[in-house]
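A short write-up of the structure that comes next.
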Amino acid sequence: MEVLVHFVFELIKISILGSIYASLVLVTFILIGRKYPDSWFSKVSRKKLRLWFLSGLTISIGLFFYMFTYWGNHGLGDGPQIPIGNGEIISNTDWVENCYLLDGNDGHGNGIDIAKFLVSDNKLCAKFDGETFYNYKNEYFILDLTTKKMKEFETEIEYNQFAKTNNLPLSSQLQSFSDNYSDHWHGWRFVLLP
């Protein structure tokens, strides 16, 4: 049910954004048409309603498809997710505290459960969440998103020493999934995109 409600909300938001962007296209065409009366822009802007409708429809379709791309898919309803780069996704179920690296592998073919994380300098710095399904022998890890190589740290002290040396976030700077989600999807993305 949550997915359906969120999907309907996104469709309404896409139609509103499409109308706003279509209005901006119409104004732009009119202004260019006035400056260059013999141009293609002037001819097209004479049929204002048609220009507004077609550009709004095209933009809305584009925004709809963007919503399902890697960079636009933030999950529907109770399955929020954050693209963190290089094809990797941090996902969550029902907005619980822990999250997981969707394509990560814990050595048993399972995703990696994460308690807190932060992406910095194309590296995922995270604390394992050993309180869920799996007990990890180490406490922290850093995944290089480019090379897909993971470095694990047995203790917080070990992790913080490595983080200081390599100018990465300390354990106290790691954030929960909801804080990372808010940082990534709010602001200009929330206002300008579906």
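A short reminder: the numbers here are calculations on the coordinates, not readings from a lab. A quick note: this is a predicted structure, and the numbers were derived from the prediction, not measured. Counting neighbours? That spans all protein chains shown, and the Cβs are built from the backbone with ideal geometry, glycine included.
Listing for the model above:
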quantity	calculated
Value at 222 nm in deg cm²/dmol, rounded to 500, when DSSP H runs of n ≥ 4 in the chain each add -39,500 (n - 2.57)	-13500 deg cm²/dmol
Three-way shape call for the range 2-66 based on the alpha-carbon gyration tensor, with the a/c threshold at 1.5	prolate
Cα-based reach from Lys47 at 17 Å (exclusive), listing aspartates and glutamates while leaving out same-chain residues under 8 positions away	Asp38
Shape category assigned to the range 81-185 from the gyration tensor of Cα positions, a/c cut at 1.5	rounded
Gap separating the Cα centres of the range 155-175 and the range 75-94, nearest whole Å	24
When each of Lys13/Lys123; Lys127/Lys148; Lys13/Lys116; Lys13/Lys35 is checked by Cα-Cα distance, pairs over 28 Å	Lys13/Lys123; Lys13/Lys116; Lys13/Lys35
Size of electric dipole in the chain: Cβ of Lys, Arg +1 and of Asp, Glu -1, about Cα centre, debye, nearest 20	1880
Candidate aspartates and glutamates - alpha carbon under 18 Å from Lys164, same-chain residues fewer than 8 apart omitted	Asp121, Glu139, Asp144, Glu152, Glu154, Glu156
Of the DSSP H helices in the chain, those whose Cα atoms cover at least 27 Å axially and whose Kyte score averages 0.0 or more	2-35
